Amino acid sequence: MTKRIKIGEISRKSGISQDTIRYYESLGLLRPTERSLSGYRFYDSETLLKLVFIKNTQKLGFSLKEIKSLLNLKADKKAKAGQVKNEMGRKLEQVGRKQKNLSAIAKVLKQMILSCDRENAPVEDCPILKALQEFELNQLESKTLKEGGLL
């Protein structure tokens, strides 16, 4: 017979809050093995393993939607390891794109820092703050600015 574990205990063992466990349940990532007449949720040791899996995949940057897909593959007896490998490949591509974006952001931040050669000037003369305002304005569509009476 499988040991019945209450949500509080599974929360303590996994380090995941009860609210988060309920949220995962609402998303279909896991489900209690049974409920008592009074509504208490009971889980089994397999749920604890799923929670560890969810935590580990989140640390690798997977979204809950992606995690659900991996859990579905894991549960599908007809699924192949190549499908999991493909999911990992997609995530790696995403990470590469994020790295490029972060590198571009770092470059802009460095340029802004280098532009600040007057550290003792009044804040209203701060080239970083001016650059941020200009950056924001350049990102807005001119149509929106015209409609708002800013141009």
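The values are calculated or read from the model by the stated rules, or taken from the named source; none is laboratory data. Only a predicted model underlies this, so the values are computations on that prediction, with no experimental measurement involved. Neighbour counts run over all protein chains shown; Cβ positions are idealised from the backbone, glycine included.
Name the single residue, out of those in the stretch 39-94 being of a type in the set (S, T, Y) and in contact (Cβ under 8 Å) with a residue 24 or more places away in the chain, that is surrounded by the most Cβ atoms within 10 Å (Cβ to Cβ).
The qualifying residue surrounded by the most Cβ atoms within 10 Å (Cβ to Cβ) is Y43.
For Y24, which of the numbered conditions (1) under 24 Å from K91 (Cα atoms); (2) free of Cβ contacts under 8 Å to residues at least 40 places away in the same chain; (3) crowded, with 18+ Cβ neighbours inside 10 Å fails to hold?
Condition (2) is where Y24 drops out.
Within the stretch 96-129, count every residue that is within 30 Å of I67 (Cα to Cα) and exposed (fewer than 11 other Cβ atoms within 10 Å of the Cβ).
Quick first cut of the stretch 96-129, residues within 30 Å of I67 (Cα to Cα) only: 96-106.
Next cut, exposed (fewer than 11 other Cβ atoms within 10 Å of the Cβ) only: 96-97, 99-106.
Looking only at that region, the number is 10.
Could you check, for the stretch 31-43, whether at least one of its residues is farther than 17 Å from K6 by Cβ and not polar (S, T, N, Q)?
Scanning the stretch 31-43, I find no residue that is farther than 17 Å from K6 by Cβ and not polar (S, T, N, Q), so the answer is no.
Contact list please: Cβ distance under 9 Å, first residue in the stretch 114-129 and part of a loop (DSSP other than H, G, I, E, B), second residue of a type in the set (F, W, Y) and at pLDDT 80 or above, pairs at least six apart or on different chains.
Going by the 9 Å Cβ cut-off, there are no qualifying pairs.
Output yes when any residue across the stretch 17-38 is closer than 30 Å to Q133 by Cα and out of contact with any helix residue (DSSP H, G or I) (no Cβ under 9 Å at 6 or more places or on another chain), and no when none is. Steps first, please.
First pass over the stretch 17-38, keeping only residues closer than 30 Å to Q133 by Cα: none.
No, the conditions are met nowhere in the stretch 17-38.
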